[in-house]
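To start, the structure under review is shown below, and the notes come after it.
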Amino acid sequence: MDGNTIKPLSRWQDFGQILWNLSLISGGSIICAVAVNGILIPKGFVSGGVTGLALVVHYLIPQLSVGLLYLLLNIPLFALGWKYVGRRFFLYSLVGTLIFSLAVEWVSFHVPIQDKILAALLAGIIMGIGTGIVLRSAGSSGGTDILSVLILMRFSVRLGNTVLAFNSAVLCMTALLLSLESALYTLVFIYVTARMMDLVITGLSQRKAVTIISRSQEEIVKSILKELDRGVTVIEGRGGYSGQANNIVYTVITFRELSRIKRLIQTIDPDAFVVVTDTTEVMGHRIGNQPHW
């Protein structure tokens with residue numbers, strides 16, 4: 001078999017990956033544009049980050065469009081993306097910024113909702129879903145997404161928490177230049193956006209760390225290896241009160257496997273002591289869920 005036959009397949013795989021990333025960026029940007037044009041602007045709300053700055057300037061100077069302002073405000077952020085994050089992320093984010101700017105200019109969708117608090121909640125859900133879809137690609141739609149990914153890579157701070165921190169300045173600006181009421185509605189919107197974004201990005205790939213103390217630990221280890229096909233670490237332990245040796249079983253599983261491992265442990269040893277904890281990130285072959293930027 002000639003080695004040259006592998007190259008065309010690799011090119012098609014690369015093309016498919018590029019198409020998939022562009023589809024995620026485009027779809028997420030259009031969803032975000034629905035939140036901006038369908039709820040935020042009609043209700044006079046402000047978003048967070050660069051989009052929020054663009055909206056504040058737009059409210060003060062209506063002649064300047066949100067899409068154009070967003071594009072211009074992203075220019076200094078791209079320098080950081082190019083220098084610290086990586087060329088691939090930079091190029092995808094550049095395309096994402098252009099797509100989002102065009103989507104905000106062209107997508108016009110009226111959301112028939114009158115209550116402002118419900119509008120803020122719905123806008124946060126829509127924006128969080130859209131932003132999360134974009135960030136599941138190899139890039140972003142620009143704005144504070146670039147800074148959020150940079151801080152995540154360097155300091156392991158979750159994306160949603162970083163966005164909330166960056167948006168404090170935008171909220172203060174909104175309260176001073178527009179109104180306190182607008183700032184409070186924006187706070188509700190930003191919080192819901194951050195939570196939904198984390199859910200879309202890591203919710204379905206959430207990893208659980210499971211610690212098990214049981215007299216039947218050997219049988220539990222064999223069952224996890226066989227039934228779940230997950231790695232297991234056995235840690236030497238000793239009871240603090242009894243002083244007896246009692247090994248600890250530690251494993252990391254996916255969220256979907258949690259119910260299976262609990263049933264497995266309950267069947268083998270109903271008296272087992274089990275602790276399940278959430279994880280922020282997991283690095284490692286097969287089970288890892290570290291972001292791909």
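The values are calculated or read from the model by the stated rules, or taken from the named source; none is laboratory data. Predicted model, so just to flag it, every value in this text is computed and none were measured. Glycine also receives a Cβ, built like all others from the backbone with ideal geometry; neighbour counts cover every protein chain displayed.
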> In segment 88-117, which residue that is of a type in the set (D, E, K, R) and touching a residue at least 12 places away in the same chain (Cβ under 8 Å) is nearest to GLY44 (Cα to Cα)?
Replying inline: LYS116
>> Testing PHE109 on (1) surrounded by 21 or more Cβ atoms within 10 Å (Cβ to Cβ); (2) out of contact with any Leu (no Cβ under 8 Å at 6 or more places or on another chain), one condition comes back false. Which one is that?
In response: (1)
> What's the number of the condition VAL192 fails, among (1) of a type in the set (A, V, I, L, M, F, W, C); (2) at pLDDT 85 or above; (3) buried (at least 24 other Cβ atoms within 10 Å of the Cβ)?
Replying inline: (3)
> Going through segment 117-170 one residue at a time, which ones are at pLDDT 75 or above and of a type in the set (D, E, K, R)?
Replying inline: ARG136
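Would you mind finding the one in ALA120, ALA54 that is touching a residue at least 24 places away in the same chain (Cβ under 8 Å), in the same structural domain as ALA194 (by TED's automatic domain parsing) and crowded, with 17+ Cβ neighbours inside 10 Å?
Matching residue, one of ALA120, ALA54: ALA120.
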> Which residue pairs have Cβ atoms closer than 7 Å, lie 6 or more positions apart in sequence or on different chains, and pair a first residue in segment 23-34 that is over 10 Å from VAL104 (Cα atoms) with a second residue that is among the hydroxyl-bearing types (Ser, Thr, Tyr) and at pLDDT below 90?
Replying inline: LEU24/SER137; ILE25/TYR92; ILE25/SER137; ILE25/SER141; GLY28/THR131; GLY28/SER141
> Tell me, which helices (runs of 4 or more DSSP H) lie completely within segment 46-140 with 2 or more residues that are over 23 Å from ILE201 (Cα atoms) and touching a His at 6+ places or on another chain (Cβ under 9 Å)?
Replying inline: 66-73
>> So for segment 198-211 (the condition being within 24 Å of GLY130 (Cα to Cα), under 22 Å from the mean Cα position of the chain (by Cα) and at pLDDT 90 or above), does at least one residue qualify?
In response: no
